[in-house]
1. Kindly provide the pair-distance distribution of region B:292-541 built from C-alpha pairs, with 5 Å bins from 0 and whole-percent values in order of increasing distance.
2. Modelled label-to-label distance, residue A:272 and residue B:148, 7 Å Cα→beta-carbon offset: nm?
3. Before rounding to the nearest 500, sum -39500 (n - 2.57) across all DSSP H runs of length at least 4 in the protein assembly as shown and divide by the residue total; then give [θ] at 222 nm in deg cm²/dmol.
4. Averaged over every viewing direction, what's the projected area of the C-alpha convex hull for region A:6-211? Give it in nm², one decimal, please.
5. Take the Cα of residue A:139, step 7 Å along the line toward its Cβ, and report every residue of region A:189-212 whose backbone nitrogen sits under 15 Å from that point.
6. Helix B:269-285: angle to the longest alpha-carbon principal axis of chain B, degrees 0 to 90, nearest 10?
7. Please determine, in degrees from 0 to 90 and to the nearest 10, the orientation of helix B:163-179 with respect to the longest principal axis defined by the Cα atoms of chain B, where the helix direction is its Cα long axis.
8. Taking the Cα-to-Cβ direction at residue A:180 and at residue A:106 and moving 7 Å from each Cα, how far apart do the two end points lie in nm?
């Protein structure tokens, strides 16, 4: 199915809007073409191609709103979905927090689309799988991996004259390599907007090496350890921390970001002064769209600077209540790093644990942002500046706030899931039990 | 696909009058969700386009799933309806085997041409990947069902219940919570109707109409002076039922400890909201648990999640075989353990069954998403591991020649694969109530409702929280506890199961969003049990000071 150009999208949206009889109407249109290949047991398992488009209409009469969606765009369907949203709006109770749609906005041109990624073929995907499977089989290792590429667009229009459009491409790759004796496992992830930055063989090699190195792990006592967290390990905890940057939840007293006196922690130092975290849609390493689904422009925003909370996210309603400008949540984050390579961090560690990734992270206590989860796919004991041996996986119970207060060293940044996150060395990270899982 | 084309097709195909509202020029029914479904004869005709195209391109097998997926959400907080959303998604997914290799493609263009193109893509993908294929697909035989249909047995279709009634119910629940001292309440209803048509080159044409419902509730109490907040979730379960689940029938209430009610096949959201507010407030000052070993008394709406994670997932054959190694993980319950015939998964009283037919459950359908008639089967019998969950292309790997009927795709847009059926713990056979169980415990904790949950990728080590915790001292409930989580190992845990209440206490937990696969897909599944006791489980204290 076609990815609509700006003008094609505008034409469908204008047509849909022309059917509106509501006081206000906002319509989002998006579509994607996605291809994937999945492999396991050193052979291909499933592969697919999906194409879908959705149009979402929100119609409002006064403070009554209704939303309806459809994935057919002929005139009759467009009229039908608009009527349906209006019908729902009329049936809906008033929402006192209703905000009228935004007027016209200025958006930066995004950097999210790369032709190379849009042109990926089934043959290319099969080669990616082969780049994992062949070297794995040569080393008594079994590959299970997934490569997914997507090309998509999103657009919106509203009855106040706003129009926005963005086109993007993405590719994501993960592979798990397991030694055939069942005692070792390694993993790697890569993601890019531009597939030309991706080297399947290099990534697969990293995972194979970890699988081989992690064989026959030894059990060591759980407890507090100095850890070197690869970005794939820390990202989950950091994303959960950013999720707590909602001003409203904080002001309502039901968030880590709440201050005991009834306010929030804006302006307070909550983590080590070397921690700075911002979002920038125009960073070419991790570009995002320059507007969000509500039509708000996305600009560079500093969330943590020198350990101090510089911004909390305010939705439009809450911003109005508090008399401040709205601050939308970011779509990706950049944590400032240091110069140290992974090798440097290992070399400077007397006794510690190298963690490839964390898995199954779940909230335990939202008051303290306490999370639990486990290490997976390559956990190693470090002694006197060298990796000494693999260790069995641990369960942790830890808060990203405690983690970032216990920062020892920041390393180089790596792109991970659309974010830039540094390697980090952390002291006193809390592991609470052992797992036999490989 | 243009709706108008459907009408034309119907005229050509069956002569049946379909979509009368469209023909009358008024596509809006009361909630528009009630627009009639596509005529079955037309679906068959379109599905045959896929099957015939695939065969002509060299496919040895093909199936087509034409799906219309309707969702409705009503979302509220305190005295406000925040949103009412209806979604509809319509399209077709086509799966083929060419040269022993799977290919899949989907499209929302449900026309002859759109279907032909998607079938071409599916075949192209299979051919490109066949070069890498080392294990050609082997499909277990399945019956050809001809033209059949199935429908979730419901008495109140959510699509016929006015939005205002739904909103009023939620707002009444919110008001009850606020009156009982809550600081905040979030509540909502999530309703699903899957209209699925399946056709395969095996000669099955299966039309199914599936309904699911999930009322959710979260009540928060804030103590500003102390800088603390605590939340208490609702004790409903998502169900494979119609709106009748919201009737709040007294006959479906089960008395819990400390004056609280628990719910079987009917949910009283107003009563639960009031209790949630009282318990959220009580949690603010509840005693923080002392870490150590306790006998746990686990209520079904809590135990269901533990069953899900520590039994449902590790016994998925695709995980055992390594197909999910890159995402969900593998399993400790390896084939050698099953083959030994004496692997003690749990104590002698532990019987765990898989069931895709249980009335009211989220997993209930007549046929799975590759046309296999659903059934019930044993996974663990008298504590011993006896079987897995397997579908057509994998069951031969455990030397069985019939799929278990647990294949599912979350949408027409996703490829179907093995998904967890309802997995449930059979109730105890002797008369034994929850009150009897509590009386028998010296040092224990009663846990109700779901909480934090985390388990490793081979399903050995897990940690679970809950919604509410009560200390049991010398056979009596001794007040609420907080900061409770238990950590255990799957096999140790199920072998520490010493008592299970009888069938009078049996009810189902449910999850709407069980995630698995790449690209990740969700699936809805229920887990039934009676309250059960597990001895000497390690409890940690999760309280922290920052």
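1. 1, 7, 14, 19, 20, 16, 11, 7, 4, 2, 0, 0
2. For residue A:272 paired with residue B:148, the spin-label model returns 6.2 nm.
3. Estimated from H runs of four or more residues: -6500 deg cm²/dmol.
4. Details: hull surface 58.4 nm².
Approximately 14.6 nm², given one-decimal rounding.
5. Taking a point 7 Å out along Cα→Cβ of residue A:139, the residues of region A:189-212 whose backbone N falls under 15 Å are A:189, A:200-212.
6. 50 degrees
7. The angle comes out near 20 degrees.
8. 6.3 nm
No value in this document is a laboratory result; all are computed from the given coordinates. Remember, predicted model here, so these are calculated numbers, not experimental data. Ideal geometry is used to build each Cβ from the backbone, glycine not excepted, and the neighbour counts take in all protein chains shown.
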